[in-house]
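Rule-based calculations on the coordinates, nothing more; no lab input. From a predicted model like this one, the values you see are computed outputs, not experimental measurements. Cβ sites come from the backbone with ideal geometry, for glycine too, and all protein chains shown count toward neighbours.
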Amino acid sequence: MNVTLVEDETTFAHACAQVAGVERVALDTEFHNERSYAPRLMVLQMVVGDAVFIVDALRVRDLQPLADALAAKTVVGHALQSDLKIFADRFERLPATAFDTQLAAAFCGYGISISLADLVHDVVGIRLRKSQTVSDWSSRPLSPNQIEYLVDDVRYLFEIADALQARLVENGRYAWFEEEARPLVDPARYRPDPERMYLRIPGATRMNRRELGILRELALLRDSLARERDVPLKFIIPDDVMGAIVVLRPATRDELSQLRRLDAGARKAFGDRIVAAVARGLALRDDELPAKPKRPPGAEREAIVACLAVLVNAIAAENGLPAGLLTPRAALERVARELPQSVDEIARTLDATAWRAALVAEPLHALLSGQTALTVAGAQGGDPHVARVSTTGGAQAQ
């Protein structure tokens, strides 16, 4: 493959023109996110036709033309969500469609998170040298080893995608894959829900509604400050300090000095805004306060979740799929809490896409309604597996 290092506007314009003439582009990115609010793009590598372009994002500052060119294309990549989030955050543009080889591999029986190196080895028969996985992508110039690594991350993506697509079509799962891949190019997937940011803060489930109202205002403020300064949330106010502010309920900036881990610089820079956020939370009417989040299931419902998970694992094994791709545990906890009474209600409670509902909704309903039971079959013969047994006729459903 012809490899071009893109470090200037002229070469970049040529790369964008090449993108305009193809239907799909293989894509990967290298970024740093340890010290910024949003990931900072360092390098973008792509295959266009039979050419590889390594775009130096530190030297080519305006990548909007590339985002615009990709908006009508199919992007092929491995574990694409992080890459596409950069496009959603930075350019507010996403490709028309996405083929995620990690997701496709999951539907082909490879597990939920196979690495690109393992997939290349299995599908293409080549073992990649992953020597730069912790490389400093902000250093310049890029070394020959870094360039080789960047090229390897994209050079086999088309070949892998074609092989996996053929398997998906052959086993009748391509429609499942398409349904699962569609949200990857939905901008809503990458927008944080400002009304729920506070629920990710440790200790939120133990707070009363008034405390949650204060915490919500503080979370909105922290997110705004971090975005303005392009720093991680914890650099503004650490999580444990957020809880401490809720308890303290400061009425003046000076009162914030009681918090050891909120330094003088932070108190001076945005202490008044913290006090104002607390005041907004205290001023909320009762009907404006957030509802208390549901606690994890109790012992009995935890047992129900475990049974549901066993059934989901068995269905996943029967279909050669990773259980995590079928139904996350949080969805099973919702089922255990709400105990939906019909197949359709279970599908809605799971928030299941059509292919998931077809696989799991009816079996879960049968288990919850006592129509089937779970048993371990074949253990004495050395082939143990979970079986579903009808409680009415005794017939075994595998």
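Below are the figures for this structure:
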| read-out | value |
| --- | --- |
| Segment 254-351: trypsin sites (Lys or Arg not before Pro) falling in loop per DSSP and having at most 16 other Cβ within 10 Å | Arg260, Arg261, Arg285, Lys294 |
| Helix runs (DSSP H) in the chain reaching 15 Å along axis by Cα, Kyte-Doolittle at least -0.5 | 9-20, 157-170, 264-283, 299-318, 354-368 |
| Loop-resident sites, segment 1-101, for GluC sites (Glu not before Pro), counting at most 10 other Cβ within 10 Å (DSSP) | Glu23, Glu34 |
| Environment charge at Arg90 (Cβ cut-off 12 Å; Lys +1, Arg +1, Asp -1, Glu -1) | -1 |
| Around Phe12: net Lys/Arg minus Asp/Glu count, Cβ-Cβ under 13 Å | -4 |
| Footprinting exposure proxy for Cys108, Cys16 (fewest neighbouring C-beta atoms within 10 Å first) | Cys16, Cys108 |
| Neighbour-count order for Leu142, Leu325, fewest beta carbons within 10 angstrom listed first | Leu325, Leu142 |
| Leading residue at positive end of dipole, segment 82-178 (Cβ point charges), from Gln102, Phe91, Ile114 | Phe91 |
| Cβ-defined net charge surrounding Ile346, 12 Å radius [Lys, Arg +1; Asp, Glu -1] | -2 |
| Which of Ser143, Ser36 has the fewest Cβ neighbours within 10 Å, and the rest in rising order | Ser143, Ser36 |
| Which labelled figure in (i) 25.4, 74; (ii) 25.2, 84; (iii) 21.5, 65 is Rg and Dmax of the Cα atoms in Å, once derived from the coordinates | (i) |
| Computed FRET value (nearest 0.05) for Arg285 with Asn2, which takes r as the C-beta separation and R₀ as 45 Å | 0.10 |
| Cα centroid separation, segment 1-59 to segment 334-381 (Å) | 45 |
| Computed log₁₀ I(q)/I(0) - Debye formula, equal Cα scatterers, no solvent, segment 2-190, q 0.09, 0.14, 0.17, 0.19 Å⁻¹ | -0.30, -0.77, -1.17, -1.46 |
| Mean ellipticity per residue at 222 nm, deg cm²/dmol - from DSSP H runs of n ≥ 4 across the chain, formula -39500 (n - 2.57) | -14500 deg cm²/dmol |
| Antiparallel content of DSSP bridges confined to the chain, in %, to 5 | 65 |
